[in-house]
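Where a number appears in this text, it was derived from the coordinates with a stated rule and is not lab data. Keep in mind that what you see is a predicted model, and the values were worked out from it rather than measured. No Cβ is skipped: glycine too gets one built from the backbone with ideal geometry, and neighbour counts run over all protein chains shown.
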Amino acid sequence: MSCEVIIIGAGPTGLTAALALGRAGITVTLLEAEPALTHDLRAGSFHPPTIEMLTDLGVGEAMHETGIKVPSWQIRDRQAGVVAEFDLGLIAGETPYPYRLHLEQHRLTPLLLARIAAVAPSVSVRFDAEVVAVTHDEDQARVTLRSGETLSAAYVIGSDGARSLVRAALGVGFEGFTWPDRFLVASTTYDLAAHGFTGAGYVADPDLWAAVFHVPDAGPPGLWRIAYPIQPEADEATELGEPAIQDKLATILAHAGATPPGGLFPLKYASVYKVHQRVADCFARGRLILAGDAAHLNNPLGGMGLNGSVHDAVNISAKLIDILRHRAPAGPLLDLYDRQRRPINIRAVQAMSIRNKRLLEERDPAVRTERLREISDIAADPARARTFLMDSSMINSVRDAAAIQ
Ligand SMILES: Cc1cc2nc3c(=O)[nH]c(=O)nc-3n(C[C@H](O)[C@H](O)[C@H](O)COP(=O)(O)OP(=O)(O)OC[C@H]3O[C@@H](n4cnc5c(N)ncnc54)[C@H](O)[C@@H]3O)c2cc1C
């Protein structure tokens with residue numbers, strides 16, 4: 001069986017690419033190993049350019065129906081409280097969506113799938129379809145499923161996540177590093193807005209820093225997700241136990257006077273994961289293309305992993321439409337995709353997410369004081385805050401990529 005594009009992986013990247021290509025009438029087979037869309041608790045923060053892209057694809061309205069608008073975000077010191085507050089209203093002239101929209105990744109993917117079913121009949125979505133081999137030559141790309149079935153297409157997009165088979169088939173390196181500390185994410189229904197938290201906040205502390213996010217969950221009042229580090233030697237099962245989580249949340253949130261009745265935060269979810277900073281050496285070669293986590297991984301501080309993945313999907317889809325519908329030469333356009341998305345990921349996403357983590361966890365008291373003072377000064381100066389927000393909201397990284405020709 002053959003189609004124009006095979007997409008491997010029905011995460012946010014693969015679904016976005018399938019929708020963008022399918023709307024243009026490109027024949028797409030989207031292959032997902034799992035029996036249904038995955039429901040893991042992962043990313044949940046959309047920046048303005050991503051909201052713009054997803055609105056263009058027709059899912060913006062549905063995202064707003066359940067998402068939480070976050071017009072300002074904070075940096076706090078775990079002892080001293082709020083150090084800086086950034087108001088995205090300062091970039092209202094640059095985007096129709098001057099806020100972060102919080103919506104769990106597993107609430108976006110069904111919206112994308114439903115939109116594909118509604119407007120993209122040329123897309124065939126297959127679950128329980130694990131790909132075990134990928135090859136390509138001058139004429140076509142081929143994939144083999146675990147069932148033994150083979151499919152071919154003009155191009156394969158590997159949106160198959162961190163352990164990408166397509167990246168392995170391309171034989172490209174995945175340089176970078178893995179942080180020694182893991183992240184624990186715990187969720188509570190305890191209302192932190194009542195204690196002065198805006199929908200997104202980062203708490204700096206050399207021992208127990210945290211990211212605090214308000215997400216919709218099943219509906220109002222939503223959930224507060226608190227991500228914090230656990231040390232390399234810590235036992236995961238102990239850290240995931242209720243006493244350890246209660247102790248950590250109490251320590252992180254004490255400065256805001258967040259003390260629930262009975263001293264216990266009502267908990268809903270908790271999970272631990274390893275965090276990497278890695279970028280593939282090449283995003284496209286021959287008939288194979290990488291996008292999303294298959295191409296790059298970063299820590300979640302700043303909420304850029306999922307956003308950058310959607311930006312990849314929209315970028316490569318436009319180029320494949322040009323190649324497949326308008327007979328544009330493939331080589332230069334695939335090369336342009338690599339030149340637009342790879343350096344931007346290294347310069348913007350990797351650099352900012354590493355800087356964000358280092359700001360929160362800085363141990364040297366003098367450096368720490370200086371960095372927090374600097375961020376406070378930036379937030380207090382509207383012109384500097386605006387420049388800062390253009391980077392942190394990823395508007396500049398999308399514009400900079402588009403300017404590369
Ligand atoms: C625990 C965790 C927490 C995170 N938290 C945040 C956060 O707070 N903020 C943030 O910005 N980012 C976060 N991220 C990152 C964010 O979730 C990813 O950037 C995003 O999921 C990337 O989407 P993707 O579609 O590229 O990959 P994925 O979502 O990983 O999707 C890949 C899909 O490919 C499928 N697949 C894999 N191999 C095959 C195969 N051989 N055949 C068929 N299908 C296959 C998988 O089943 C999966 O459905 C987090 C990631 C993790 C793991």
For this session: Give the Kirkwood hydrodynamic radius (Å, one decimal) of segment 1-66, defined as one over the mean of 1/r across all pairs of different Cα atoms.
Result: 13.3
Exercise. Where is the GNM fluctuation largest for the chain (alpha-carbon springs, 10 angstrom cutoff): 302, 93, 201?
Worked result: 93
For this session: Apply the membrane-span-like helix rule to the chain: whole DSSP H runs, Cα extent along the own long axis of at least 20 Å, mean Kyte-Doolittle hydropathy at least 0.0. List the helices found.
Result: 105-119, 305-326
Seminar exercise, completed: The extension gain from residue 274 to residue 369, computed as 0.36 nm times the residue separation minus the Cα-Cα distance, is 31.4 nm
Problem set entry | All lysines inside 23 Å of residue 248 as judged from Cα atoms, apart from same-chain residues fewer than 8 positions distant | 268, 274, 357
Exercise. What's the FRET efficiency of residue 247 with residue 147 using the Cβ-Cβ distance as r and R₀ = 41 Å, to the nearest 0.05?
Worked result: 0.25
For this session: Grab the beta carbon distance between residue 80 and residue 168, set R0 = 35 Å, and tell me the FRET efficiency rounded to 0.05.
Result: 0.15
For this session: Compute log10 of I(q)/I(0) for segment 52-200 with the Debye formula, placing one identical point scatterer on every Cα and leaving out solvent, at q = 0.14 Å⁻¹, to two decimals.
Result: -1.04
Exercise. Between segment 150-202 and segment 326-371, what's the alpha-carbon centroid distance in Å?
Worked result: 15
Exercise. Can you give the translational diffusion coefficient of segment 240-338 in µm²/s, computed by Stokes-Einstein from the Kirkwood radius over Cα pairs at 10 °C and 1.306 mPa s?
Worked result: 92
Problem set entry | Calculated SAXS-style log₁₀ I(q)/I(0) at q = 0.12, 0.15, 0.30 Å⁻¹ - segment 37-95, Debye, Cα scatterers | -0.43, -0.64, -1.26
For this session: Let me know the shape class of the chain, please: from the alpha-carbon gyration tensor, a ≥ b ≥ c as square roots of the eigenvalues, rounded when a/c is under 1.5, otherwise prolate if a/b is greater than b/c, or oblate.
Result: prolate
Problem set entry | Shape call, segment 249-405: gyration tensor on alpha carbons, a/c limit 1.5 | prolate
For this session: Hey, for a label at residue 264 modelled as a point 7 Å past Cα toward Cβ, could you say which residues of segment 210-246 have their backbone N under 16 Å away?
Result: 241-246
Problem set entry | q = 0.10, 0.16, 0.23 Å⁻¹, segment 124-247: log10 I(q)/I(0) [Debye, one scatterer per Cα] | -0.60, -0.90, -1.28
Seminar exercise, completed: Two pseudo-spin positions, 7 Å from Cα along C-beta at residue 333 and at residue 404, lie apart in nanometres by 1.8
Problem set entry | In nm, spacing of pseudo-spin labels at residue 36 and residue 191 (7 Å Cα→C-beta vector) | 3.2
Exercise. Among the DSSP beta bridges whose two residues both lie in segment 63-217, what percent are antiparallel, rounded to the nearest 5?
Worked result: 80
Seminar exercise, completed: When the chain is treated as a Gaussian network with springs between alpha carbons less than 10 Å apart, the largest mean-square fluctuation among 118, 227, 141 is found at 118
For this session: With N set to the residue count of segment 1-128, report its C-alpha Rg divided by 2.2 N^0.38 Å to two decimal places.
Result: 1.26
For this session: Could you pull out which residues in segment 211-227 have an amide N less than 18 Å from a spot 7 Å beyond the Cα of residue 234, following the Cα-Cβ vector?
Result: 211-213, 225-227
